[in-house]
Amino acid sequence: MARRRLDLTFPPRQATKAIAYHLVKDFDLVPNFLRAQIQPGQQGRMLVEVSGKRDAIDAAVEFLGREGITVSEAASDIRLDTEACVSCGLCTAVCKPGALTLRESDFSLVFDKDQCVYCEACVSACPRRAITLTF
């Protein structure tokens, strides 16, 4: 079973369509909605993790594109400024899913995008503001 995290941007005219229904019914996917900002008549965004057969996920992404929804990989919105980061580890203390860890060999910060749930706890915890999340 494959899994992908997608950042969906909805144009105003698409905000009221039953996209989640189609992901489940038409493509047999299991969606996990991590975050959403959707208002009728306005551009909206949704962060969704979908699980299912790889070809079904690819077909669903094509369907979303045909519906006028912009699809991008979710991790593109997370930024770690390696110049500003001093690997203090404060972000790792608040990262419950374990997406941020310190490498044992050199204590440098490691980010595992597949574990991240975009809770933003790390953004608040970072005293250097080296981690940003745009959503």
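The values are calculated or read from the model by the stated rules, or taken from the named source; none is laboratory data. Just so it is clear, the model here is predicted, and its values are computed rather than measured. Cβ coordinates were reconstructed from backbone atoms using ideal geometry, including for glycine residues, and neighbour counts include every protein chain displayed.
The number of residues in region 95-130 that are hydrophobic (A, V, I, L, M, F, W, C), under 18 Å from the mean Cα position of the chain (by Cα) and over 20 Å from E49 (Cβ atoms) comes to 1.
Taking the numbered list (1) surrounded by 11 or more Cβ atoms within 10 Å (Cβ to Cβ); (2) in the same structural domain as P127 (by TED's automatic domain parsing) in turn, R35 passes all entries but (2).
Of the listed requirements (1) of a type outside the set (S, T, Y); (2) farther than 24 Å from T132 by Cα; (3) free of Cβ contacts under 8 Å to residues at least 40 places away in the same chain, C95 misses just one: (2).
Which residue is nearest to P127 (Cα to Cα), if the candidates are limited to region 86-109 and must be loosely packed, with under 13 Cβ neighbours inside 10 Å and not hydroxyl-bearing (S, T, Y)? Before the answer, list the steps.
Residues of region 86-109 that are loosely packed, with under 13 Cβ neighbours inside 10 Å, as a first pass: 86, 93, 96, 98, 103-108.
Add one more test, that the residue is not hydroxyl-bearing (S, T, Y), and what stays is 86, 93, 96, 98, 103-104, 106-107.
On the way: V86: 10, A93: 13, K96: 18, G98: 19, R103: 20, E104: 22, D106: 21, F107: 17 Å.
That would be V86.
Could you pull out the residue among I57, I69 that is surrounded by 13 or more Cβ atoms within 10 Å (Cβ to Cβ), over 12 Å from R5 (Cα atoms) and either in the same structural domain as L8 (by TED's automatic domain parsing) or out of contact with any strand residue (DSSP E or B) (no Cβ under 9 Å at 6 or more places or on another chain) (or both)? Sole residue among the options that is surrounded by 13 or more Cβ atoms within 10 Å (Cβ to Cβ), over 12 Å from R5 (Cα atoms) and either in the same structural domain as L8 (by TED's automatic domain parsing) or out of contact with any strand residue (DSSP E or B) (no Cβ under 9 Å at 6 or more places or on another chain) (or both): I69. Screening the candidates V30, V48 for the property of being β-branched (V, I, T) and surrounded by 14 or more Cβ atoms within 10 Å (Cβ to Cβ) yields one hit, V48. When the residues of region 98-126 are filtered to those that are touching a residue at least 24 places away in the same chain (Cβ under 8 Å) and among the aromatic types (F, W, Y), the one that is nearest to T82 (Cα to Cα) is F111. Taking the conditions (1) under 24 Å from L6 (Cα atoms); (2) out of contact with any Lys or Arg (no Cβ under 6 Å at 6 or more places or on another chain); (3) not assigned by TED's automatic domain parsing to the domain that holds T9 in turn, V110 satisfies each one other than (2). Could you say which residue among C122, C88, C116 is closer than 21 Å to L47 by Cβ and part of a loop (DSSP other than H, G, I, E, B)? Exactly one of C122, C88, C116 is closer than 21 Å to L47 by Cβ and part of a loop (DSSP other than H, G, I, E, B), namely C116.
If you go through region 52-66 and pick out every residue that is touching a residue at least 12 places away in the same chain (Cβ under 8 Å) and under 11 Å from F27 (Cβ atoms), you end up with 9.
With the condition kept exactly as written, say whether any residue in region 73-85 is assigned to a helix (DSSP H, G or I), free of Cβ contacts under 8 Å to residues at least 40 places away in the same chain and exposed (fewer than 13 other Cβ atoms within 10 Å of the Cβ). Can you show your working first?
First, the residues of region 73-85 that are assigned to a helix (DSSP H, G or I): 74-77.
Narrowing the set further to residues that are free of Cβ contacts under 8 Å to residues at least 40 places away in the same chain leaves none.
For region 73-85, residues assigned to a helix (DSSP H, G or I), free of Cβ contacts under 8 Å to residues at least 40 places away in the same chain and exposed (fewer than 13 other Cβ atoms within 10 Å of the Cβ): absent.
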